[in-house]
Each structure stands twice: as C-alpha cells, then as structure tokens.
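J.: Quick one: this structure, given as structure tokens, is what I'll be asking you about.
Bear in mind that the values in this text are calculations on the coordinates, not laboratory data. Every value quoted in this text rests on a predicted model; they were computed, and no experiment measured them. Here the Cβ is made from the backbone with ideal geometry for all residues, glycine too, and neighbour counts use every protein chain on show.
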Amino acid sequence: MLINLSGEDRKMSDYINLFDDSNWEMAPEYTSDTRKKVLLDEGGSKIILLRLPQRFNMAPHSHLMSEQHVILKGEYESDGKVYPEGTFRSFTAHQKHGPFKSENGALVLVFWRT
C-alpha cells in the first residue's frame, strides 16, 4: 500500500510504502521494540503506522483528541476481546481505552485528530 502524503501533484518521493522496511523509527512512547512510521503530523492531526512487537503490552490511557485504529496485519487484545486484521476502532477524546496486548505482534494504522 502506498500513501501520497502531499496531494496529487507531488513527486513519487512523497509516497511511503507502508509494508517495506524503510522509514521505521523507535517509538519510545510505547513498550520497547515498538516501531513507528510517521505518515502525517500537522495541523492537529497525526497518522502513524505502529509495528507492535511480540508480547506487546500497554496500560489503559486516554488522549486529548480522538483516536482511530485500523489493524492491517496481526491482531491485538483489548477489553477482553480479540481484534483481528481488518478491524477499525474509534475512540473519542478523553475516552479511556486499553489495556492492549498482542502475543504475536501487529501492524496498526493509528489516526489522531483534534
């Protein structure tokens, strides 16, 4: 999957392949070994691709803005339910969500917006 980050009139260099090994960075705000690709961070909106490692765990939390997840590969568990590949989830601002865990890891597209 390719994402055009800057509009239709931009060069191919403005595209990021979500599934290749480039542009990954450490995600220190998550548990160790979690990686992220920052796809957009402007005007109160942020989109990242998260690569959750095996045995991922994250405590319940909330945000000042809304958050949406699309699980592209793998699955995670939250609130006693397993959310598989293809799942879309949405959380309103200040809504507590989690805890999260993924035994085998997952690839999750995450959107935040004000």
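J.: Please identify the trypsin sites (Lys or Arg not before Pro) of the stretch 10-114 that satisfy two criteria: DSSP loop assignment and at most 14 other Cβ atoms within 10 Å. Which are they?
T.: Those that pass, being in a loop and sparsely packed, are ARG10, LYS11, ARG55, LYS96.
J.: Please give the length that would be gained between LYS81 and SER45 if that part of the chain were fully extended, namely 0.36 nm times their separation in residues minus their C-alpha to C-alpha distance (nm, one decimal).
T.: Result: 10.2 nm gained on full extension.
J.: Using only alpha carbon pairs under 8 Å that are at least six residues apart, calculate the relative contact order of the chain and give it in whole percent.
T.: 27
J.: Evaluate the charge dipole of the chain about its Cα centre and quote only its size in Debye, nearest 20, assuming +1 on the Cβ of each Lys and Arg and -1 on the Cβ of each Asp and Glu.
T.: 220
J.: Please check: in the Gaussian network model of the chain (C-alpha springs, under 10 Å), which one of SER45, SER22, SER102 has the largest mean-square fluctuation.
T.: Largest GNM mean-square fluctuation: SER22.
J.: Moving to a separate point now. Under 26 Å Cα to Cα from LYS96, which lysines show up? Leave out anything in the same chain fewer than 8 places away.
T.: Within the straight-line cut-off, LYS96 pairs with LYS36, LYS37, LYS46, LYS73, LYS81.
J.: Also: For MET26, what charge total do you get from the other residues with a beta carbon under 9 Å from its beta carbon, if Lys and Arg give +1 and Asp and Glu give -1?
T.: Neighbour charge sum, excluding MET26 itself: 0.
J.: Still on this model: Collect residues whose amide H, placed 1.01 Å from N in the peptide plane, falls under 5 Å from the amide H of ASN104; neighbours closer than 5 in sequence don't count.
T.: Placed amide hydrogens put ARG55 under 5 Å from ASN104.
J.: Go through the stretch 33-88 and name the GluC sites (Glu not before Pro) that are in a DSSP coil and have 13 or fewer other Cβ atoms within 10 Å of their Cβ.
T.: Taking the stretch 33-88 and a limit of 13 other Cβ atoms within 10 Å, the loop GluC sites (Glu not before Pro) found are GLU85.
J.: Can you compute 3J(HN,Hα) from phi for each residue in the stretch 19-25, using the Karplus curve 6.51 cos²θ - 1.76 cosθ + 1.60 with θ = phi - 60°, rounded to whole Hz and x for Gly and Pro?
T.: Once rounded to whole Hz, the list reads 9, 8, 8, 8, 6, 7, 9.
J.: Report the FRET efficiency, 1/(1 + (r/R0)^6), for VAL38 and HIS94, where r is their Cβ-Cβ distance and R0 is 22 Å, rounded to 0.05.
T.: Approximately 0.40, to the nearest 0.05.
J.: Moving on. Once phi is turned into ³J(HN,Hα) by the Karplus curve 6.51 cos²θ - 1.76 cosθ + 1.60 with θ = phi - 60°, what whole-Hz value does each residue of the stretch 100-109 show in order, with x for glycine and proline?
T.: 3J(HN,Hα) across the stretch 100-109, in whole Hz: 10, 8, 9, 5, 10, x, 7, 10, 10, 8.
J.: Which ³J(HN,Hα) values, rounded to whole Hz and listed in residue order, are derived for the stretch 29-34 from phi using the Karplus coefficients 6.51, -1.76 and 1.60 in 6.51 cos²θ - 1.76 cosθ + 1.60 with θ = phi - 60°, glycine and proline given as x?
T.: Karplus-based 3J(HN,Hα) across the stretch 29-34 equals 6, 10, 5, 4, 6, 7 Hz.
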